[in-house]
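Shown next, in structure tokens, is the structure this report addresses.
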Amino acid sequence: MADWLSATDAQARLNVRAQTLYAYASRGRLEARPDPDDPRRSQYRAADVARLEARKARGRKAATVAEDAIAWGEPVLASSITTVIEGRLYYRGRDAVVLAETETLEAVARLLRGGDGVRLKQRPEPPPALDDARARLFAVLAARAASDAPIRGRGAHVLAAEGASLLDAAADAVAGSVSDGPIHARLARAWGVDADGADLIRRLLVLLADHELNASTFAARVAASTGASLAAAGLAGLAALSGPLHGGMAARVERFIAEAERVGAEAAVEARIAQGLPIPGFGHQLYPAGDPRAAALFAAFAPPPAYEAIRQATEALTGVAANVDLALTALSARLELPAGSPFLMFAIARMAGWQAHALEQAQTGQIIRPRARYVGPEPRA
């Protein structure tokens, strides 16, 4: 059997439409690559097609379907906010990479929330007197979560204004003071970055604003489904983002770069391959052909030599392209930002998406309450 199948052959084997085939590929269930003879067309790994074909033939119990959906499986709820199709990221149908050329985070936040045209800023409060920007961010969201009104039963216009205010407060917490202007400009001033650097921060914030149902966004939706406040939903998202497998990935990339600077880029990559370990900052389940967010950022700035060496070595030895985590940390190093800034920029950007998803979930009026598949000891009378 050939290693790769044409789209026509894959569709015939799986008895699906072209759109379904693209969805399988975008969700990592099928590996795709450009056709060597016609780059406008795609080919699909035959082994992946055979696996899906066998699964469809034998059928699956509802419990198995639900369990598989938790990790890169089928969609678990309807959303009109963000999707990944054929390796491209779209915010309400608009290409995120194109938006990053000109738009601010605030503008994209409005788009994600549904296009509310009025942005009302509540009376600014100074951020808490804490030395650590990450601690200030958690403290601001926690304080607002304890005092803000629940989402449930409130109008969209009021909630949109509250979301804009919350985003401002979070940015001020990271910057360490209350100030005016676009969020990217405020962060740039706080970190001593020039106008060119500020524009790079703007691009990054737009590209990180949302990414469908990642772990932190799902946590925010679960909180919002209970009727909790926007700030509470944001705090739930921030807590999930703080984990080492999500927002903590940037720190893992930085440690890997430090290792590569000690032993050399190729040696560091080869050691990871020999140990069967993933290479931090490379590959993504939703982007088998490469992360478009990383490509857009690397097209806008030259990464520091250590990052470029790792990028070249990894792509040469594995064929796997860099993802946005490598671009995020490379940009932070290029601009000489303070320690921890990759997480802070990620968090501020993703708050835009958390708010949009919280509002969308609240509109459904449904609580997210899955069942557990019990595998413990046999219950006794």
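Each reported figure results from applying straightforward, stated rules to the coordinates on display, with no laboratory input. Because the structure is predicted, anything quoted here is derived from the model rather than measured. Neighbour counts run over all protein chains shown; Cβ positions are idealised from the backbone, glycine included.
Can you compute the charge dipole magnitude of the chain about its Cα centre, using +1 on each Lys and Arg Cβ and -1 on each Asp and Glu Cβ, nothing else charged? Give it in debye, rounded to the nearest 20.
1500 debye
Could I have the simple spin-label model distance between E261 and D196, label points 7 Å from Cα toward Cβ, reported in nm to one decimal?
2.2 nm
Return L137, L241, L200 ranked ascending by Cβ neighbour count within 10 Å, so the fewest neighbours appear first.
Sorted ascending by nearby Cβ count, the order is L200, L241, L137.
What does the chain give for Rg and for Dmax, in Å, if only its C-alpha atoms count?
In Å, with Rg to one decimal and Dmax whole: 21.8, 70.
Please work out the C-alpha center-to-center distance from the stretch 306-321 to the stretch 185-237 and express it in whole Å.
28 Å
For the stretch 77-369, what relative contact order do you get, as a whole percent, if you take Cα pairs closer than 8 Å and at least 6 residues apart?
Normalised by residue count, the contact order of the stretch 77-369 is 26 percent.
I want to check the label-to-label distance for V320 and D9. Put each point 7 Å from Cα in the C-beta direction and report it in nm to one decimal.
If labels sit at V320 and D9, their model points lie 2.7 nm apart.
How would the stretch 165-298 be classified by its alpha-carbon gyration tensor: rounded, prolate or oblate, with rounded meaning a/c under 1.5 and the a/b versus b/c comparison settling the rest?
oblate
Relative to 2.2 N^0.38 Å, what does the C-alpha radius of gyration of the stretch 280-381 come to as a ratio? Two decimals please.
1.57
Considering only L112, P370, L200, whose Cα is most displaced toward the positive end of the charge dipole of the chain, charges sitting on Cβ of Lys, Arg (+1) and Asp, Glu (-1)?
Farthest towards the positive end: P370.
Listing S6, S80, S42, S165 from the residue with the fewest other Cβ atoms within 10 Å to the one with the most, what is the order?
S80, S6, S165, S42
By how many nm would the segment from R88 to I273 lengthen if fully extended, with 0.36 nm per residue of separation less the alpha-carbon distance?
Answer, rounded to one decimal: 63.8 nm.
Between A107 and A149, with labels modelled 7 Å along Cα→Cβ, what's the label distance in nm to one decimal, could you check?
Rounded to a tenth, the inter-label distance reads 3.2 nm.
Show that you can apply the helix-only estimate: for the chain, add -39,500 (n - 2.57) for every DSSP H stretch of four or more residues, divide by all residues, and state [θ] at 222 nm to the nearest 500.
-17500 deg cm²/dmol, from helical runs alone.
Filter the GluC sites (Glu not before Pro) in the stretch 264-356 down to the DSSP loop ones having no more than 16 other Cβ atoms within 10 Å, then list what survives.
Hits after loop and neighbour filter: E336.
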